[in-house]
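Working notes, beginning with the structure itself.
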Amino acid sequence: MKNKLAVLSILLAASVALTAVAAGKPNILHIVADDMGWKDVSFNGATDIKTPNIDALASGGAKLSQFYALPMCTPTRACLMTGRYPFRYGLQTIVIPGPAGYGLDMTEYLLPQTLKDAGYKTAIIGKWHLGHADVKYWPKQRGFDYAYGATIGELDYYTHGDAGVLDWFRDNKPVKEKGYATQLFGKDAVKYINEQSADKPFYLYLAFNAPHTPYQAPQDYLDRFKNIAEPTRRTYAAMMSCLDDEIGKVVAALDQKGLRENTLIIFHSDNGGVRNPMFAGQMTDLSKTVLPCDNGPYRGGKGELFEGGCRVAACANWPGHIKPQTVDGLIHVADLYPTFAALAGASTAKCKPLDGVNVWDTIASGKASPRTEVIYNIEPFRGAVRQGDWKLIWRSLIPTSVDLYNLAEDPYEKNNLAAANPDKVAAMQDRLNKLGTEAAKPLGLVWMVGTSMAHGKPAIASTEKSSAAPAVDSHGHSITEEGFGETEAVAEHH
């Protein structure tokens, strides 16, 4: 009997020790929305869309008022996985197109790899968008123990693919199942949490594709918003409501499993809401559609370097560890890597030099951010930098243009001060130029040029009555149009 009691005592002590270790390494639930407008959550002022579950995270934690992402999906996702600006490895321009074969540089040491080294279980549920044409780029090959969802950037919410091609996998194996993507991701996240235990921490990257195009929603959610007259905004509101419900179910699962008190939850969008149809997706022509996203008072949207494209809705919640308040310090998605690593007790020695900094004290208690500069992006034709309150946007393609704003006085970028501050402009241009010398060639542009310049059947005009097909369809765009940098003012306000 004494021996049995001794064994039981040892097992109990070991259990307590394991739980204590786990308590020192929080679970991390990292939730990312896709193309969500800054004002499309109630905590930022939405009145026609209700997001009570996201709002509860914000009101019980830190509302991050100056949280920055890149202006498009792939660059942001690459940045948060590497802790490094995407211009350093060629993913700074556009997203990875469906037909493209490139992906995130295999020499980058990703966040899930670093967390695994520190004893974490790692999972991605949702959208990847960092390489799909070669399995080596897939999340299971990049540090995730478990992977469920899509590899490309845009897919039908019900058929789970694009152009007749299935893009739905679990641990690298194709899955054919019925259901609405947002609900399937939420259901799988609940299942994953229910399988976890307190003795081993986990990192769950829950990357919803909502509310990205195509605008689709279940009928019961559409019925909730009959009061919204504009049909696309009604569908968008339904998509947001479903997203909020699924987040609520995931948080409830943490509570029911007894893991909530030791789980840090971070929520943010991958970029601002889309205000220009060029960036709204390729599955359908949205040029005549009223785009539904609302970035509130901020100028521009997805694809642009104005605040509406890069300053995104975000909040953080961890009971007893994050003070409920609005945090105004500068935070960039690159900062999540070193911040998560520090909380996990993980070494970043295997990483290339990080652009992110540890901002935990800023998130947790509102202390001054160690970040004083934000690089919005560096591309051959444009770049933008914020230093303190000053922000410069430089479009280098002819005709060139320079915008300079004091965001403390003019957060909505209405008053261009470049002409009155030539020395400030020159210094900030020098900074962008220096970073430009460190930049890798944009793989998106290399791919586009290679595709358009590839040898193929010439489209020769005909003198006969039936003319040859045009080389570019009526919706074609030059790579020097607004979407790629030099005339962003076209789609400023909505």
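Descriptive notes on the structure:
- Residues in the stretch 349-377 that are under 20 Å from the mean Cα position of the chain (by Cα), of a type in the set (A, V, I, L, M) and in a loop (DSSP other than H, G, I, E, B) were compared, and the one that is surrounded by the most Cβ atoms within 10 Å (Cβ to Cβ) is V359.
- Meets criteria (surrounded by 15 or more Cβ atoms within 10 Å (Cβ to Cβ) and in contact (Cβ under 8 Å) with a residue 24 or more places away in the chain) for A346: yes
- Restricting the stretch 227-286 to residues that are of a type in the set (D, E) and part of a helix (DSSP H, G or I) leaves a set whose member that is nearest to I363 (Cα to Cα) is E261.
- The criterion of being of a type in the set (D, E, K, R) and either farther than 22 Å from V41 by Cβ or not assigned by TED's automatic domain parsing to the domain that holds Y109 (or both) holds for D355.
- Residue that is assigned to a loop (DSSP other than H, G, I, E, B), assigned by TED's automatic domain parsing to the domain that holds T213 and surrounded by 18 or more Cβ atoms within 10 Å (Cβ to Cβ), where the choices are G308, G301: G301
- In the set G149, G143, G131, G153, only one residue is surrounded by fewer than 24 Cβ atoms within 10 Å (Cβ to Cβ) and either at pLDDT 95 or above or assigned by TED's automatic domain parsing to the domain that holds G248 (or both); that residue is G143.
- Long-range neighbours under 6 Å by Cβ, at least six apart or interchain, first residue under 21 Å from W318 (Cα atoms) within the stretch 362-390, second among the acidic types (D, E): K367/D361
- Residues in the stretch 378-397 that are closer than 20 Å to A439 by Cβ and part of a loop (DSSP other than H, G, I, E, B): P380, F381, S396, L397.
- Of residues in the stretch 404-442 being outside any loop (DSSP other than H, G, I, E, B) and charged (D, E, K, R), the one surrounded by the fewest Cβ atoms within 10 Å (Cβ to Cβ): D423
- G103 meets the stated requirement of being touching a helix residue (DSSP H, G or I) at 6+ places or on another chain (Cβ under 6 Å) and among the small types (G, A, S).
- Here the condition is being at pLDDT 95 or above and either among the basic types (K, R) or surrounded by 23 or more Cβ atoms within 10 Å (Cβ to Cβ) (or both); of K288, K257, it holds for K257 alone.
- Among the candidates K176, K116, residue that is in contact with a strand residue (DSSP E or B) (Cβ under 8 Å, 6 or more places away or on another chain), surrounded by fewer than 16 Cβ atoms within 10 Å (Cβ to Cβ) and not in a strand (DSSP E or B): K176
- Residue match in the stretch 86-94 (condition: modelled with pLDDT of 95 or more, in contact with a His (Cβ under 7 Å, 6 or more places away or on another chain), in a loop (DSSP other than H, G, I, E, B) and within 22 Å of E307 (Cα to Cα)): no
- Residues of the stretch 319-343 satisfying the condition of being more than 24 Å from G388 (Cα to Cα) and buried (at least 24 other Cβ atoms within 10 Å of the Cβ): F340
- Looking across the stretch 261-286, the residues that are within 15 Å of the chain's Cα centre (by Cα) and of a type in the set (S, T, N, Q) come down to S269, N271.
The values are calculated or read from the model by the stated rules, or taken from the named source; none is laboratory data. Given the structure is predicted, the values throughout are model-derived calculations rather than measurements. Neighbour counts run over all protein chains shown; Cβ positions are idealised from the backbone, glycine included.
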